[in-house]
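Following: one structure in structure tokens, then a few remarks.
The values are calculated or read from the model by the stated rules, or taken from the named source; none is laboratory data. Worth saying up front: this structure is predicted, and the values here are computed from it rather than measured. In this analysis, Cβ positions are derived from the backbone assuming ideal geometry, glycine residues included, and neighbour counts consider all displayed protein chains. Surface areas here come from the heavy atoms of the whole protein model, side chains and all, with no ligands, DNA or RNA. Shrake-Rupley method; radii C 1.70, N 1.55, O 1.52, S 1.80 Å.
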Amino acid sequence: MSTNTESWGSRVGLILAMAGNAVGLGNFLRFPVQAVQNGGGAFIVPYLVCFLLMGIPLLFVEWSMGRFGGKSGHHSTPFILDSMDKRKFWKYIGVFGIFTNLAVAAYYCYLESWTLSWVWHSISRTFAGQSQEEVAGFFNSYVGLEMPLETILFWIVCLLLNTWILSKGLSGGVEKVAKVGMPLLILFGVFLAIMAFNVEAGVAGAINDASVGLNFLWTPDFSTIWSPKVWLAAAGQIFFTLSVGMGSIQCYASYVKKNDDIALNAMSAGWMNEFVEVVLGAAIIIPISVGYLGVDKVLEMTQTGGLGLGFKTLPFLFEQWGTVLAILCGVCWFGLLFFAGITSSLAMGTPVMGFLKDEFGWKHKNAAWAFGGLVFLLGLPTVLFFNYGVFDEYDYWAGTFSLVLFAFFEIILFSWVFGLSDLYDEWRNSDDVLPFKAMKKLPAWKEITTGADIKVPGIYKFIIKFVTPVFLGVVFFSSLPGVWDKITNKDIYQKIATTTDAKELEVLNDTILFVNASRLLLLLVFLGISYLVFVAYKKRKKEGRI
């Protein structure tokens, strides 16, 4: 019998926790880089289209699936999907909703621990007097385990903190952190944006005004707007930023009451995330970096992602503002990233814990510590072998590929199997000229609109049934060539073919060994969870719960 009787303490806490789940490190490190690399201001057009046609529909769908499953006491995706269609394979598709959270948490908590460490080093003035190369070298030494005690200590502290908060429950732990963390995150972001806007050429070593960076970021390059690459990047960013396709939204929503609003809640959490990402995320890292380094240098640095700018460059640039502001800005920047990270990693713990409590009757605290232990074991390779690509391998398979695949399956289940598949027949057999009214009785739409505090636009019936599945299908199938290249280690073999240095060749060959081993490990984790779902299914049958 399930021991899972938790609930949210307040609606504000739920929305902040959901927004915290969505707002992550990618809002501040990934979005500006994606925008810069994909046409600047022109990127925002496909980005917003993807948000409206893919992001919002998936939020409606995942909130609805969660509340629907919660009515029957299901708090993880294997049996939420199972409750929507009795064909046996759906529960195994739902394994992605546990696997993804566990695997992403394994490397994400390590990344989160860097922010704690950089807060400490900002306060202790580690970066004072260092050149940009020395600050970047500190980062490389840190992840290269040249200071192993500190690196592992901060990681363990971060894991313990996550586990302890999760052990306090939804209202006593997750919700309280969201209520404190989200306002502080916005406060820190606003302060840093004001500092960025005040960057002035010729002052404190700046070579450009802040406006140069903002123009660089937002001046549209319309020659790129029809590029499939830009649209795929925009779709990928929407996935990344909203935390859809993970199973954590369904888990959070499964704890709302059966007639509680989900439509306005989903919209509120989604738009809060967009505010943080588009307004704050774009207003900090690029204007400051361009102000001191120039457009060409920043464009070159964004080719390797946002981590370089965030951890290797900004601490050096903050030092140009004097001791007090360097400490203050360092604490605000890395504190902001920490709150963005922990509100997301806490959301990753709840589906795993929900599964253990629902299916095996685990007590809440035991489930929380089990999650912490699993994240430790699965995350250890990402810490020890970061320089051999293990961290990136987890990110690709769990944090990218699995999200798209699971979202594609769940939109098919929701719109074509669970409840919108009779759309045409309902319309044809009704007296309505327009199909909108005829579809009120369709279960999927009814699930979205029950208890809604807003009128959900009827057009979303068609978007959820037709447009979003096509969008997701295009994103998924167009990614397959890249998946094959990844599986065959194409990039690494190309580097081997052009490398003559014996030491570098040895590292590249070791990298192949480690990335293949990490893939095998992730596959074994997925199969292990699938086996537990099978055991849980048999247990449910024996207990007469299905």
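For the reader, a short list of remarks on this structure follows.
- Scanning segment 1-43 for residues that are touching a strand residue (DSSP E or B) at 6+ places or on another chain (Cβ under 8 Å) and in a helix (DSSP H, G or I) turns up G41, A42.
- Only one of the numbered conditions (1) over 15 Å from the mean Cα position of the chain (by Cα); (2) of a type outside the set (A, V, I, L, M, F, W, C); (3) open to solvent by less than 10 Å² (accessible area, probe 1.4 Å) is violated by G20, and that is (1).
- Of all the listed residues (V135, V157), the sole one being surrounded by fewer than 14 Cβ atoms within 10 Å (Cβ to Cβ) and more than 30 Å from A407 (Cα to Cα) is V157.
Residue by residue, here is whether (1) surrounded by fewer than 24 Cβ atoms within 10 Å (Cβ to Cβ); (2) at pLDDT 95 or above; (3) among the basic types (K, R); (4) touching an Asp or Glu at 6+ places or on another chain (Cβ under 9 Å) holds:
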residue	(1), (2), (3), (4)
T323	yes, yes, no, no
I327	yes, yes, no, no
I342	no, yes, no, yes
M348	no, yes, no, no
G373	yes, yes, no, no
L377	yes, yes, no, no
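- Residues of segment 277-288 satisfying the condition of being assigned to a helix (DSSP H, G or I) and over 17 Å from V244 (Cα atoms): V278, V279, L280, G281, A282, A283, I285, I286, P287, I288
One line per residue, one yes/no per condition, for (1) crowded, with 24+ Cβ neighbours inside 10 Å; (2) in contact with a Pro (Cβ under 6 Å, 6 or more places away or on another chain); (3) modelled with pLDDT of 85 or more:
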position	(1), (2), (3)
S243	yes, no, yes
M246	yes, no, yes
D261	no, no, yes
V278	no, no, yes
V290	yes, no, yes
L293	no, no, yes
T304	no, no, no
T313	no, no, yes
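- Subset of segment 208-234 (residues that are of a type in the set (A, V, I, L, M, F, W, C) and surrounded by fewer than 14 Cβ atoms within 10 Å (Cβ to Cβ)): F222, W226
- From Q320, Q237, residue being within 30 Å of G69 (Cα to Cα) and in contact (Cβ under 8 Å) with a residue 24 or more places away in the chain: Q237
- The combined condition, being buried (at least 21 other Cβ atoms within 10 Å of the Cβ) and among the basic types (K, R), is fulfilled by R67.
- Test: G270 is touching a Pro at 6+ places or on another chain (Cβ under 7 Å), crowded, with 17+ Cβ neighbours inside 10 Å and not basic (K, R): no
- Applying the criterion of at least 1 residues that are closer than 30 Å to S268 by Cα, among the aromatic types (F, W, Y) and open to solvent by 40 Å² or more (accessible area, probe 1.4 Å) to the helices (runs of 4 or more DSSP H) found wholly in segment 451-541 leaves 459-462, 468-487.
- In the set F385, F355, only one residue is at pLDDT 95 or above and open to solvent by 40 Å² or more (accessible area, probe 1.4 Å); that residue is F385.
- Residue pairs meeting the criteria (Cβ under 6 Å; at least 6 apart or on separate chains; first β-branched (V, I, T), in segment 348-372; second part of a helix (DSSP H, G or I) and at pLDDT below 95): none
- Looking only at residues of segment 40-57 that are modelled with pLDDT under 90 and among the small types (G, A, S), we find that the one that is surrounded by the most Cβ atoms within 10 Å (Cβ to Cβ) is A42.
- Qualifying residues in segment 90-122 (those that are open to solvent by 10 Å² or more (accessible area, probe 1.4 Å) and out of contact with any helix residue (DSSP H, G or I) (no Cβ under 6 Å at 6 or more places or on another chain)) - the one farthest from S76 (Cα to Cα): H121
- Note on segment 259-307: residues that are closer than 19 Å to G40 by Cα and aromatic (F, W, Y) total 1.
- Cβ separations smaller than 6 Å between residues 6+ apart or across chains give the following pairs from segment 505-523 residues that are farther than 20 Å from A103 by Cβ to residues that are among the hydrophobic types (A, V, I, L, M, F, W, C) and in a helix (DSSP H, G or I): L508/I492; L508/I496; I512/I492.
- A single member of E112, E150, E175 is out of contact with any His (no Cβ under 7 Å at 6 or more places or on another chain) and free of Cβ contacts under 8 Å to residues at least 40 places away in the same chain, and it is E150.
- Residue match in segment 88-103 (condition: outside any helix (DSSP H, G or I), of a type in the set (V, I, T) and at pLDDT 95 or above): yes
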